[in-house]
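Single-structure report; data block below.
Read the figures in this text as sums done on the coordinates, not as results from a lab. Since we're looking at a predicted model, the values are computed, not measured. Positions of Cβ are generated from backbone atoms using ideal geometry, with glycine treated the same way; all protein chains shown enter the neighbour counts.
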Amino acid sequence: MDQTLPPPAPSETLDGPLGLVLAGGPVVWLLIGLSVIAVTIIIYKLIQFGLMGLGRATKVEMAVKLYREDRRREALAAVQGAKDPASVTVATAIRGSLRSDVSEAAVREEVERVATEELGNLRSHIGLLELIGSLSPLLGLLGTVLGMIQAFRAMEAAGRNVDPSILSGGIWAALLTTAAGLIVAIPVVAIASWFDRSILKIAHTTEDAVTRIFTPDLTRWTESSSDELRAANA
């Protein structure tokens, strides 16, 4: 009597994280590489955001308030040395306003250039993060298709002596790559979206502050305003 045991199912031989990676094949290794790149970018951006002090607009608000009170040098001192885009842009606008040899149009142009550069630096590498989030599910699907092809080819080679475990083992190993792609993509897409929303908020804060630097405060009611209104109604 033949005592040879049948080959164990994939779930018995490929146990643990390393086994799952080996079962997924080269596509899973590629997804691991992409996940390492994504984690590196995320850590870098978090450090960059933290060093810039993003999310704290108190210096910008104070500078705008002082500037509108005609305390321009104090306003410049409030944002001097700050590294966030709003503070750097507002400082450029205030310095331009203090120079009598530069026209307002030239100051506005320089302020726009600085704002674009600062926000561009803040957006650096986020495009790559979004690309990883988009490609990961597609790579996972590709791995699944390739795995299914291999499983059906194994069935064809077995002929009439088809073992159902061959098909089932091949299918779960193929679906593993889709799961790996989604595991990489979901957090990457979510974090990239958070970065985008944060940068959009910073851009709005910067635009609002610069606009208030270049325009008069129409909410303030001064004595001269009252005199002009009385003269207009006379």
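Brief remarks follow.
- Label-point separation in nm, residue 44 to residue 141, each point 7 Å along Cα→Cβ: 2.9 nm
- Cα-projected label distance for residue 131 with residue 104, points at 7 Å along beta-carbon direction, nm: 4.3 nm
- Counting Lys and Arg as +1 and Asp and Glu as -1 over every other residue whose Cβ lies under 14 Å from the Cβ of residue 92, the net charge comes to -2.
- Gain in span if fully extended, residue 152 to residue 62, counting 0.36 nm per residue against the direct Cα distance: 25.5 nm
- Surrounding net charge for residue 117, when Lys and Arg each add one and Asp and Glu each subtract one, Cβ distance under 14 Å: -2
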